[in-house]
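Below you'll find the structure, written out as C-alpha cells, and then a few comments.
Nothing in this text is a laboratory measurement; each read-out follows from the coordinates by a stated rule. As the structure is a prediction and not an experimental result, all values here were calculated from the model. Reconstructed Cβ throughout: ideal geometry from the backbone, glycine too, with neighbour counts over all protein chains shown.
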Amino acid sequence: MSTAMTSAEALRAVELLSSRPLVRLVTEIDDNGAIPPRRLAGTLSDLSKHQVRSASDTARAHGLIRITPGAGLELTQAGTELADLYDAMARWARRRAVPAPVCEFSGRIRHVLGLLAPLLTGESVGTPFPLGGSEGEAGLARPCMLLTQWLADNPQVRVSEPEPVA
C-alpha cells in the first residue's frame, strides 16, 4: 500500500490525531487501563462533556477504542499503537524543548504533528524547515517514520474528501 497522502488527507489525519480530547482519552486509557463508561467524564474532568463525548465517539469510529462488557472503554490494538506513537513524539519534543521547555503533553503532540504534516505529503522538500540543521527534517526522521507506518497500518484515519452537498 502506498503511504503517500494528499495534502487534504494529511491535514485531516493531523487534525484528528492532534485533538486534545482524543490525546487525553487515548493516553488516559493507556496509562491507567479501561475506563467504565459512567466514569469517563469524571476521569477526564478537565474536558467538557461535549469534548469527552466527541473524543469517545471519534475514537470508536476510527477503531481506537472499544467498549468491553464489565471493563468499559479500552484501547484496541490501533489505539495502543497510537498511544506508543504519542509517547515517542512527546519524548522527541521534550528532548528538544519544543514547543516550549514546559508544555502540556497534548501540546507537544500537536506541535510534532504540525511539523510532520508537510513531511507526509513531501511538500517540505526544498523549503526551509522550522527547526533547521540537525533538528530539522533529519531530526524528525524517526517520528515521521513511526507516524507514516501507523497511518499505513490504520487507513481508517485517512478520511477521504467529504461528498459535496447537493
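Here T121 and N32 are evaluated by their C-beta separation; at R0 = 45 Å the FRET efficiency comes out at 0.80. Pairs of Cα atoms in the stretch 19-76 fall into 5 Å distance bins, from 0 up to the last occupied one, in shares of 4, 22, 36, 29, 8, 0 percent. Gain on full extension, evaluated as 0.36 nm per residue between D84 and A100 minus their Cα-Cα distance, stands at 3.6 nm.
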